[in-house]
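The values are calculated or read from the model by the stated rules, or taken from the named source; none is laboratory data. What you see is a predicted model, and the numbers here were worked out from it, not measured in a lab. In this analysis, Cβ positions are derived from the backbone assuming ideal geometry, glycine residues included, and neighbour counts consider all displayed protein chains. Accessible surface areas use protein heavy atoms only, side chains included; no ligands, DNA or RNA. Shrake-Rupley method; radii C 1.70, N 1.55, O 1.52, S 1.80 Å.
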Amino acid sequence: MKLDESEILDARILIVDDQQTNVQLLQQLLGEAGYRNLASTQNSGEVCALHRRNPYDLILLDLQMPGMDGFQVMEGLKTNARDPYLPVIVLTAQPGHKLKALQAGARDFISKPFDLLEVKTRIRNMLEVRLLHRRLVDFNSELEKQVGQRTAELRESEARYRSLAELGSDWY
């Protein structure tokens with residue numbers, strides 16, 4: 001399974017950071033890299049509702065924010081039954097938070113201050129994993145549907161065979 005470049009660049013990305021300068025920097029960086037579906041919020045309390053309305057392929061999430069911190073946001077995102085795969089890269093200046101964030105469900109982390117090449121690389125890698133994961137889920141769903149149809153056809157054929165066998169034995 002290979003992804004087209006356009007699939008990656010069309011991925012839906014949500015940037016969550018209480019610092020407007022970080023949001024602008026990430027939007028500019030990703031926009032210049034060709035990403036077309038960027039959204040952002042500085043209000044961590046909106047993230048779960050936004051993700052339910054617009055299932056994002058990737059959420060870039062600052063850990064230290066007023067109100068709900070990034071850990072609380074990740075807990076809230078886990079309640080989304082439609083999407084058990086949590087597509088979160090955390091943004092942190094605290095080295096001690098990296099392991100805790102990964103244990104809380106983040107898929108990766110980006111250290112502040114940003115290394116722009118690292119940011120682009122980690123985001124691209126995570127989007128590839130996310131989109132391939134979604135493709136695999138869709139493929140499995142389609143496969144299950146086909147197996148169900150084939151099983152129903154087989155049962156129907158078996159019932160016809162039994163019916164014909166009973167008619168044949170009655171004839172003798």
remark   = With all protein chains in place and a 1.4 Å probe, E46 shows an accessible area in Å² (nearest 10) of 80
task = For n ≥ 4 DSSP H runs only, could you compute -39500 (n - 2.57) per run for the chain, divide by its residues and tell me the 222 nm figure to the nearest 500?
result = -18500 deg cm²/dmol
ask   = Past the 22 Å Cα-Cα mark, which pairs from K2/K120; K2/K100; K78/K112?
value = K2/K100; K78/K112
task = Return the carbon/sulfur percentage of the accessible area of the range 111-172, one whole number, probe 1.4 Å, all protein chains in place.
result = 57
inquiry  = Which order do you get for Y56, Y161 if you rank them by accessible area with a 1.4 Å probe, largest at the top?
reply    = Y161, Y56
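What is the percent carbon and sulfur in the accessible area of the range 1-48, measuring with a 1.4 Å probe over the protein chains and ignoring ligands?
Values: 1010 of 2440 Å².
Carbon-and-sulfur percentage of accessible area, whole number: 41.
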inquiry  = Over the chain, with a Gaussian network built from C-alpha contacts below 10 Å, which listed residue (T41, T92, T121) shows the highest mean-square fluctuation?
reply    = T121
note = Ordering V147, V23 by the accessible surface of their heavy atoms, 1.4 Å probe, largest first, yields V147, V23
remark   = With E75 itself left out, Lys, Arg at +1 and Asp, Glu at -1 over residues whose Cβ is under 14 Å from its Cβ give +1
task = Give the ranking of S44, S111 by solvent-accessible surface, highest area first, calculated with a 1.4 Å probe.
result = S111, S44
Accessible area of the range 1-114 divided out per residue, in Å², using a probe of 1.4 angstrom = 48
task = Sort the chain into rounded, prolate or oblate with this rule: let a ≥ b ≥ c be the square roots of the eigenvalues of the Cα gyration tensor; rounded if a/c is under 1.5, and if a/c is not under 1.5, prolate when a/b is larger than b/c, oblate otherwise.
result = prolate
0 to 90° range, to nearest 10: angle between helix 20-32 axis and the chain longest Cα axis = 60
